[in-house]
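To start, the structure itself, in structure tokens.
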Amino acid sequence: MGSNLPLESRVARLTVASLRNLCEAQKVPGASSLLKEELITFCMKNIDRKELEGFCSAQEDIYFVENMAKAIKWAASSKIVRLDPKSDYTLVNGVFTLRRSDGYEEYNIRFVNQTTDDIATSCECVDFREKGYFCGHQMSVLIRCFSLGLFSLDQWTGPMTPEGEDLVLAGVFRKRRR
Ligand SMILES: [Zn+2]
């Protein structure tokens, strides 16, 4: 997942703390005083491409699993995740609303499936718009689609990881079978 993005974009969406940790682990000195933009260039220049790719993949897997776990909880609430009832396998429109102490977050989510093996997904949040992540909001809509039977895990060709699949199987489908 995420490997279709250019490596620099994948590095750019990591936190400053994790980039500094990477430099430390790679024993590349001089990273501690750099700001985010400089740090990205520094890592691209001083760290082996394979190492960078491996690090990005590991961080992306963590992001995916953490958000999938949250999404499974969110998707169980009809206050948090609402689907347009006209949604089907070819077009899903969802709204994610989460109350916070200082107001609430609301995002529109859309999945468009034009060719049956190529699903385009989007969300209005920063994680998707600026970082290209398949965010927790999209995941929660995906989980709702699964639990409504709009499509199955096998039919889903959008972002997924083996660990994410395990969470979905344990958290969504096992419940339905009972
Ligand atoms: Zn989002």
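The values are calculated or read from the model by the stated rules, or taken from the named source; none is laboratory data. Owing to the predicted nature of the structure, the values given are computational and were not obtained by experimental measurement. Because the Cβ atoms are built from the backbone with ideal geometry, glycine has one as well, and the counts that use them run over all protein chains shown.
Given the condition in contact with a Lys or Arg (Cβ under 6 Å, 6 or more places away or on another chain), surrounded by fewer than 19 Cβ atoms within 10 Å (Cβ to Cβ) and at pLDDT below 95, answer yes or no: does some residue in the range 131-148 qualify?
Looking only at the range 131-148, we keep the residues that are in contact with a Lys or Arg (Cβ under 6 Å, 6 or more places away or on another chain), and these are 131, 136.
Filter once more, so that each one left must be surrounded by fewer than 19 Cβ atoms within 10 Å (Cβ to Cβ): 131.
Add one more test, that the residue is at pLDDT below 95, and what stays is 131.
Yes, because at least one residue in the range 131-148 is in contact with a Lys or Arg (Cβ under 6 Å, 6 or more places away or on another chain), surrounded by fewer than 19 Cβ atoms within 10 Å (Cβ to Cβ) and at pLDDT below 95.
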>> Consider the range 106-139. How many of its residues are near the ligand (Cβ under 9 Å from one of its atoms) and either among the hydrophobic types (A, V, I, L, M, F, W, C) or within 23 Å of LYS79 (Cα to Cα) (or both)?
In response: 15
> If the Cβ limit is 7 Å and pairs must be 6+ apart or interchain, which residue in the range 128-139 that is within 13 Å of ARG10 (Cβ to Cβ) pairs with which residue that is within 8 Å of the ligand (Cβ to nearest atom) and among the acidic types (Asp, Glu)?
Replying inline: TYR133/ASP127
